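The values are calculated or read from the model by the stated rules, or taken from the named source; none is laboratory data. If you're wondering where the values come from, they're calculated on a predicted model, not measured in any experiment. With ideal geometry, Cβ positions are generated from the backbone for all residues, glycine too; neighbour counts draw on all protein chains shown.
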Amino acid sequence: MPSRRLELISRAIRRLPARWSLKRQLSALTQVERTYFVVLMPASLHIAELAMKKIERECRVVLVSNGLSDEENEWIRENLPDYPLLISQVPLHHHQVLNTLLRVWRLDFGIMDYDCFVMDGSLIHQMSSPEENQLAAATFMFRNDSLGIVTPETFLIYFQINNMKRIMRKYKVDSRLYRWDKINDQAKAALAEMGVNESNMFEPHKDYIDTLKLIFLLGVRDGLHFEFVARHQDGRGDPASVYHIGSVAKPHVTSDTYSYRGSYFWRQALEHSGDETLRAVAISRFDPGTSLDLEREYSEFHDALGDDYFAFTNELFS
């Protein structure tokens, strides 16, 4: 057996206790309407803290610590005591966290990226009552004009849980990213009816079906709909309503404009953070240098950030 496959199997086995623990913690949590889960990554709290302040009055926020250090988890307990905290000591794949939420939680719920900033709280209220024929409510969307299909992006989304579970059961799929050869025949046949196949993927710039998108597409095939309380298609949004940064989990990567945007913001937020613990954790993990260093090295990427980015960050950090 190739060593790469052995390593993948070993990693999966190491994650099993963490997945069981997360399921137990989630099962013990009191379920209430309008709950949004935010999955945190290591060295992210200086960003997440800013995003939480924008929605804490609008909904119940549950934090999922996905591989954070003991020091970071203790910081959450001391500084964000009003937020329920679920902890996975081992970093889980994003779809493993989502699958646990979708299978265990019985009420409709939402997820929000920790670098998504809700500036208009009314959006949360508009999203949080999906109708019986809907799969989810969202603020960001992807449109494939040639197929005539629109599905949500997942930066800020609220699920109609009964319909999500029904599609997952019917087609035997879950929230994971799917390569075409890993999709079962029943789901492939349903996708073919919509014009989606291996040579005509839903997102033409990707050679896979991204996280949650297979459930969404099969839901559309079965006549379910999405409610878009905003209709942002650029992955960024509007600084006055909801704004998404993106690519902040890898602040050491600056290979294109998108990754530069996340890396630059990660540094900006760190420089504006007054918390020495969070600064020390982040610097020890990535040794990032300054935002000015990055700007000087990648001036062409910096110039492409756009007026909306600077309008948003100037307001956020003022």
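Things to note:
- Criterion violated by ASP238 - all others in (1) out of contact with any Phe, Trp or Tyr (no Cβ under 8 Å at 6 or more places or on another chain); (2) touching a residue at least 60 places away in the same chain (Cβ under 8 Å); (3) under 30 Å from VAL173 (Cα atoms) satisfied: (3)
- Residue within region 233-242 that is touching a Cys at 6+ places or on another chain (Cβ under 9 Å) and under 30 Å from ASN314 (Cα atoms) present: yes
- Single condition PRO91 does not satisfy, out of (1) surrounded by 18 or more Cβ atoms within 10 Å (Cβ to Cβ); (2) part of a loop (DSSP other than H, G, I, E, B); (3) within 19 Å of the chain's Cα centre (by Cα): (1)
- Single residue of ASN144, ASN184, ASN162, ASN133 found to be surrounded by 17 or more Cβ atoms within 10 Å (Cβ to Cβ) and at negative phi: ASN144
- Region 187-224, subset acidic (Asp, Glu) and under 21 Å from GLN160 (Cα atoms), residue surrounded by the most Cβ atoms within 10 Å (Cβ to Cβ): ASP210
- Residues of region 216-236 that turn out to be more than 15 Å from VAL150 (Cβ to Cβ) and either part of a strand (DSSP E or B) or under 17 Å from the mean Cα position of the chain (by Cα) (or both), as a count: 1
- Single residue of HIS244, HIS302 found to be out of contact with any helix residue (DSSP H, G or I) (no Cβ under 9 Å at 6 or more places or on another chain) and at pLDDT 95 or above: HIS244
- So THR151, is it hydroxyl-bearing (Ser, Thr, Tyr), in contact (Cβ under 8 Å) with a residue 12 or more places away in the chain, surrounded by 21 or more Cβ atoms within 10 Å (Cβ to Cβ) and in contact with a Cys (Cβ under 9 Å, 6 or more places away or on another chain): no
- Looking across region 292-318 at every residue that is within 25 Å of SER241 (Cβ to Cβ) and polar (S, T, N, Q), the one that is surrounded by the fewest Cβ atoms within 10 Å (Cβ to Cβ) is identified as SER318.
- Within region 73-88, the set of residues being touching a residue at least 40 places away in the same chain (Cβ under 8 Å) and not in a helix (DSSP H, G or I) comprises PRO84, LEU86, ILE87, SER88.
- Residue within region 183-204 that is touching a Ser or Thr at 6+ places or on another chain (Cβ under 7 Å) and part of a strand (DSSP E or B) present: no
- Single residue of region 94-133 satisfying the filter (under 14 Å from the mean Cα position of the chain (by Cα) and in a loop (DSSP other than H, G, I, E, B)) that is farthest from ARG15 (Cα to Cα): ASP115
- Pairs, first closer than 14 Å to ILE215 by Cα in region 188-200, second assigned to a loop (DSSP other than H, G, I, E, B) and aromatic (Phe, Trp, Tyr), C-beta under 6 Å, six or more apart: VAL196/PHE202
- Total residues in region 139-173, condition in contact with a Lys or Arg (Cβ under 6 Å, 6 or more places away or on another chain) and farther than 16 Å from PHE228 by Cβ: 0
- Residues located in region 134-167, provided they are charged (D, E, K, R), assigned to a loop (DSSP other than H, G, I, E, B) and out of contact with any strand residue (DSSP E or B) (no Cβ under 7 Å at 6 or more places or on another chain): ASP145
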